[in-house]
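Read the structure below first, then the notes.
The values are calculated or read from the model by the stated rules, or taken from the named source; none is laboratory data. Because the structure is a prediction, the values reported are computed rather than measured. Cβ placement follows ideal geometry from the backbone for every residue including glycine, while neighbour counts extend to all protein chains displayed. When the accessible area is computed, the model is the full protein with side chains, heavy atoms only, and any ligands, DNA or RNA have been set aside. Shrake-Rupley method; radii C 1.70, N 1.55, O 1.52, S 1.80 Å.
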Amino acid sequence: MRIPPIVKAILLLIVIIAVWAGGAILINNQINTPAQTSTTTSQTTTATTTATTTSTPTPTPTSNLSPEEQAYITTITDHSSRVTAAVISLSELLADPQIDNDTWVSQATVQTETLQSLYDEMVQVPTPYSTFNIHYNYTYALSVYKSAAQAIDQGIADQEISSIQQSVSLMNSGTNLLNNSINMLNVFIAGSS
């Protein structure tokens, strides 16, 4: 049985996101000491029809990070968990695109709007000079996700599956860029301890 290229691309995306989520956990573990883990706050973010719970880490107060850097790391950690949730939900939907199904369209549209608003949100975040390169790479990855979301919206509006297929390629590129920015953040955090 031959697996269609779009299914291969989506499976690759899911594997990349799983690796990336492991990086997010690494960030969370590097930022939180065991004593601080119990003091993190919990936030609920609604994505599609399910609730995703994420923890907001508190940077280690004994590190060499400035308060602005600590705030930025907390922001990007929370933000990246919401991006991951939206990308995973959208990837699951793209595994079986149904542009003529109202339920599928509604769920996909929620995720595309989420990705676009997450991009808009992050470009407004104050960025310490020391994290500028990280921020630039992170927002660039989000801009690629935003382009993917726009391609999906266009495919839905035009009833063109080719736009949906193009979005899978964009999402794969966005994930690679996002992984790079998370790796940069990990190096930054490790260098400040």
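Residue pairs whose Cβ atoms lie under 8 Å apart, separated by 6 or more positions or on different chains, with the first residue in the range 149-164 and over 15 Å from ASP100 (Cβ atoms) and the second in a helix (DSSP H, G or I) and acidic (Asp, Glu), are ALA149/GLU113.
Annotation note: Cβ proximity below 6 Å between a residue of the range 85-102 that is at negative phi and a residue that is open to solvent by 20 Å² or more (accessible area, probe 1.4 Å) and not hydrophobic (A, V, I, L, M, F, W, C) (sequence gap 6+ or interchain) occurs for ALA85/THR52; ALA86/THR114; SER89/THR48; LEU93/GLN107; ILE99/GLN159.
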